[in-house]
Amino acid sequence: MTAPISRRTVTTSLLAGAAALGTAGIAHAAPAAGRPATGHGRPADPTVVLIHGAFADGSSWRAVVQRLLRQGHRVLAPALPLRGLASDAAYIRSVLESVSGPIVLVGHSYGGAVISQAAAGLPSVKALVYIAAFVPEIGESALQLTGKFPGSTLGEATVTQHYPLPDGGQGDELVIRKDLFRNQFAAGVPVPTAQVMAAGQRPITLAALQEPATAAAWKKIPSWYLVATEDRNIPPAAERWMAERAHAHTVAVRAPHAVSVSDPGPVTDLILRAVRSVRTGH
């Protein structure tokens with residue numbers, strides 16, 4: 001059952017700093033590795049690793065990172081290549097393997113599919129947090145899950161671009177039209193912030209969205225899920241269905257797909273629930 005959380009507005013500091021956002025800035029603000037132990041038999045505090053999704057970058061976590069850092073948590077927000085599910089998951093797994101101590105792994109959108117695969121069999125990952133994200137079963141793709149329920153308008157809001165492949169061929173990647181970006185991805189976010197997000201959006205390959213998952217870490221790792229009830233990328237009905245299938249601790253927020261930008265407070269609160277669970281062992 002979902003528990004509603006009231007909508008919160010974007011902070012003035014987020015809007016003021018939007019033009020200067022960048023993944024590198026977040027990475028410098030957050031140490032790269034956690035401390036392995038705390039002594040006195042208490043479990044080590046986990047490092048929070050935040051994985052963005054398609055049409056975004058690490059700066060989409062800016063306000064969440066700021067909140068976590070203020071409370072003394074270690075945070076990483078690496079850039080996701082968005083080239084293919086297997087290769088993206090392998091890259092994120094290499095990042096996770098560089099972190100000492102327990103990890104709370106968070107994924108937004110396509111990033112949810114990535115963390116589900118990257119964390120499989122990795123004992124350091126103690127909790128998975130899905131923020132309006134895909135939670136695929138083995139053999140399912142993001143595109144397949146998007147179409148499972150009606151409501152997504154992403155297809156009509158995107159355009160296809162071509163990029164060169166190593167073998168000399170060309171691949172297809174998707175971007176959201178800039179004139180439709182705010183309405184599709186970040187409805188309710190202030191216009192200047194949405195414009196910056198649209199200008200810096202990261203394309204995702206069509207192949208990545210079509211690639212089936214080969215692992216499902218959520219079957220063995222406790223999970224949390226935030227449903228964005230105004231999502232126009234992933235149908236909210238699909239989000240609820242995936243959360244229920246994963247037996248995730250679930251909350252619902254009246255927010256767009258870019259909920260970490262529009263409502264960083266509830267996103268942070270859910271992550272902190274997972275952190276407390278790891279810290280206390282409950």
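The values are calculated or read from the model by the stated rules, or taken from the named source; none is laboratory data. This one's a predicted model, so the numbers in the text were calculated from it and none came from an experiment. Glycine also receives a Cβ, built like all others from the backbone with ideal geometry; neighbour counts cover every protein chain displayed. Remember, those area values only see protein heavy atoms, side chains included, never the ligands or the DNA or RNA. Shrake-Rupley method; radii C 1.70, N 1.55, O 1.52, S 1.80 Å.
Do we have any residue at all in segment 233-248 that's touching a Gly at 6+ places or on another chain (Cβ under 9 Å), touching a residue at least 24 places away in the same chain (Cβ under 8 Å) and open to solvent by 60 Å² or more (accessible area, probe 1.4 Å)? Can you show your working first?
Taking segment 233-248 first, the residues touching a Gly at 6+ places or on another chain (Cβ under 9 Å) are 233-238, 242.
Now drop any that are not touching a residue at least 24 places away in the same chain (Cβ under 8 Å), which leaves 233-238, 242.
Imposing the further condition that a residue be open to solvent by 60 Å² or more (accessible area, probe 1.4 Å) reduces the set to none.
Checked segment 233-248: no residue is touching a Gly at 6+ places or on another chain (Cβ under 9 Å), touching a residue at least 24 places away in the same chain (Cβ under 8 Å) and open to solvent by 60 Å² or more (accessible area, probe 1.4 Å).
Gly200 satisfies every condition listed in (1) of a type outside the set (Lys, Arg); (2) open to solvent by 40 Å² or more (accessible area, probe 1.4 Å); (3) within 27 Å of Ser87 (Cβ to Cβ) except (2).
Each residue in segment 133-191 was checked for being open to solvent by 50 Å² or more (accessible area, probe 1.4 Å), of a type in the set (Val, Ile, Thr) and not in a strand (DSSP E or B), and 2 pass.
Taking the numbered list (1) closer than 16 Å to Val114 by Cβ; (2) of a type outside the set (A, V, I, L, M, F, W, C); (3) outside any strand (DSSP E or B) in turn, Arg232 passes all entries but (1). Would it be correct to say that Ala237 is at pLDDT 95 or above and outside any strand (DSSP E or B)? So Ala237 passes the test. Selection over segment 93-113 of residues that are assigned to a helix (DSSP H, G or I), closer than 21 Å to Ala258 by Cα and out of contact with any strand residue (DSSP E or B) (no Cβ under 6 Å at 6 or more places or on another chain) gives a count of 2. Within segment 59-79, which residues are in contact with a strand residue (DSSP E or B) (Cβ under 6 Å, 6 or more places away or on another chain) and in a loop (DSSP other than H, G, I, E, B)? His73, Ala77 - these are the residues of segment 59-79 that are in contact with a strand residue (DSSP E or B) (Cβ under 6 Å, 6 or more places away or on another chain) and in a loop (DSSP other than H, G, I, E, B).
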